[in-house]
Amino acid sequence: MSEMTTDILEQNLGKIVLVRLKGGKSLRGRLKGFDQHLNLVLEETDDTTNIESTRKLGLIIVRGDNVVLISPPPR
Amino acid sequence: MSEMTTDILEQNLGKIVLVRLKGGKSLRGRLKGFDQHLNLVLEETDDTTNIESTRKLGLIIVRGDNVVLISPPPR
Amino acid sequence: MSEMTTDILEQNLGKIVLVRLKGGKSLRGRLKGFDQHLNLVLEETDDTTNIESTRKLGLIIVRGDNVVLISPPPR
Amino acid sequence: MSEMTTDILEQNLGKIVLVRLKGGKSLRGRLKGFDQHLNLVLEETDDTTNIESTRKLGLIIVRGDNVVLISPPPR
Amino acid sequence: MSEMTTDILEQNLGKIVLVRLKGGKSLRGRLKGFDQHLNLVLEETDDTTNIESTRKLGLIIVRGDNVVLISPPPR
Amino acid sequence: MSEMTTDILEQNLGKIVLVRLKGGKSLRGRLKGFDQHLNLVLEETDDTTNIESTRKLGLIIVRGDNVVLISPPPR
Amino acid sequence: MSEMTTDILEQNLGKIVLVRLKGGKSLRGRLKGFDQHLNLVLEETDDTTNIESTRKLGLIIVRGDNVVLISPPPR
């Protein structure tokens, strides 16, 4: 993982991020932790795959190999 | 696996967790063990993929590469 | 593979286990052997994917990367 | 690969085995060789995916990562 | 990653690139960073999968194993 | 790759082989080279996926991880 | 990658090649570079998946793990 990726993720610790997963699932949660495989810890997570009926997931661990995109919030 | 992931999983040993697998399967069971690949041992597991007809699986070993999310219970 | 996984599999050698594979196949057979990749040797195996018409497979070797779940019998 | 897997495959060299591949293909052939990745050499192979119209493949090399199950003949 | 790939990506830092992902998603964004796994950092990113209704994603991290193609702008 | 696999491929250098790929594509070409990953070089290759309208591909390099089966011609 | 594969690719530097990708995409472009993972740099690339409406992609980087076949032009 490039230093820039690490920097961006570190700057966004404690902030809301959007995560797209393989298979089409979308998540929205507060970034609590990550590692070099892009394994993520999110809290206050919502499953936003279906924007008309989001589902609360709370604290979750995401296995990094499922991650397609991580999108920090606009600054 | 980050130290935070390990900490969260250790804090939830003996507690009910939700697990989403690749392919769409959902499990709900008591976390009995895990390793750094996210291989999991769950007991009292229900297959909750179809929420209208869950199925009892009891004690199971989950191969980690199938795991998408692990969600500890709300505290 | 965690020590717990190894212990559970060792305790179930010679017993009937259920195995779910990627792609949806389900097997039911007597656990005769395993290794750290979850490659399995099962005997008296039935393909129980279609519960209305199971098929006898007898002795089989399962390549571990296909395994989703292994479920020992209730104690 | 566990010693047991190697033993079973070695005991079946020269015998007819059934092989299920990812994607649903089924093969039936005489086991001529194998390695630790479950790469297989089969001869007199039939593609038995469609049991109503099997196709002769003769001598084949199967790349091991496609293998789901190997089933030796009943003894 | 070949030196040529690195060179092309370095020459395009700060420029708009098109990225095609596995599963059919297309992105258009300003290349801000990359590493040897083709993990990418893009800013001002639009999801251009559906050209009739693009979606703003802003700053994103793309996990490299999802990348099919990267296309720098015409010079 | 087992010595037997290497031997079979070496004995078939310069001969027509059939290759099945993941995703269902079938090729028929003269084996010109291979390596331990089953990367193949074929010449005079036809895409025989659709047996009613084969397509000429000529000289091709096949990335080994796509290979399911290699079938040398009957002797 | 075998020496033969490297030789073929080197002989075709600067020439038009056809590339088939996993998922069915076909590309046609001038080979400008490659590495041992079959990561490719192509220029003047057309997406020829739909032969009735090809699309210009220009200079592209192809991540090697998507490559199925590379076909140099007939000599």
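Observations, loosely collected:
- Look at the stretch D:35-48: where a residue is more than 9 Å from chain F (Cβ to nearest Cβ) and β-branched (V, I, T) and a partner is assigned to a strand (DSSP E or B) and open to solvent by less than 30 Å² (accessible area, probe 1.4 Å), sitting 6+ places away or on another chain with Cβ atoms under 9 Å, you get D:T48/D:S26; D:T48/D:L27.
- Any chance F:D7 is under 17 Å from D:G58 (Cβ atoms) and more than 8 Å from chain D (Cβ to nearest Cβ): yes
- C:I70 being within 22 Å of B:K56 (Cβ to Cβ), of a type outside the set (K, R), touching a Pro at 6+ places or on another chain (Cβ under 8 Å) and at pLDDT 95 or above: no
- Looking at the stretch E:15-75, the strands (runs of 3 or more DSSP E) lying wholly inside it that each contain 3 or more residues that are closer than 24 Å to A:F34 by Cα and of a type outside the set (G, A, S) sit at E:26-34, E:40-47, E:55-62.
- Among the residues of the stretch E:1-44, those identified as of a type outside the set (K, R) and over 19 Å from A:S2 (Cα atoms) are E:I16, E:L18, E:L21, E:G23, E:G24, E:S26, E:L27, E:E44.
- Pairing residues of the stretch F:13-34 that are within 21 Å of F:N50 (Cβ to Cβ) and away from chain G (no Cβ under 12 Å) with residues that are open to solvent by 40 Å² or more (accessible area, probe 1.4 Å) and among the polar types (S, T, N, Q), at Cβ distances under 6 Å and at least 6 apart in sequence or on separate chains, gives F:S26/F:T49.
- Per the conditions (1) within 9 Å of the chain's Cα centre (by Cα); (2) on the phi > 0 side of the Ramachandran plot, the sole criterion not satisfied by G:G14 is (1).
- Residue match in the stretch F:47-63 (condition: open to solvent by less than 30 Å² (accessible area, probe 1.4 Å) and among the acidic types (D, E)): yes
- Checking F:Q11 against (1) surrounded by fewer than 22 Cβ atoms within 10 Å (Cβ to Cβ); (2) in contact with a Phe, Trp or Tyr (Cβ under 9 Å, 6 or more places away or on another chain), the condition it does not meet: (2)
- Hey, D:V68 more than 11 Å from chain F (Cβ to nearest Cβ), touching a strand residue (DSSP E or B) at 6+ places or on another chain (Cβ under 7 Å) and either free of Cβ contacts under 8 Å to residues at least 40 places away in the same chain or among the hydrophobic types (A, V, I, L, M, F, W, C) (or both) or not: yes
- Filter pass, F:T6 being part of a strand (DSSP E or B), open to solvent by less than 70 Å² (accessible area, probe 1.4 Å) and of a type in the set (S, T, Y): no
The values are calculated or read from the model by the stated rules, or taken from the named source; none is laboratory data. Small disclaimer: the values here were computed from a predicted structure and weren't measured. Heads up, the Cβs are rebuilt from the backbone with ideal geometry, glycines too, and the neighbour counts pull from every protein chain shown. Side chains are part of the model used for accessible areas, which takes the heavy atoms of the whole protein and leaves out ligands, DNA and RNA. Shrake-Rupley method; radii C 1.70, N 1.55, O 1.52, S 1.80 Å.
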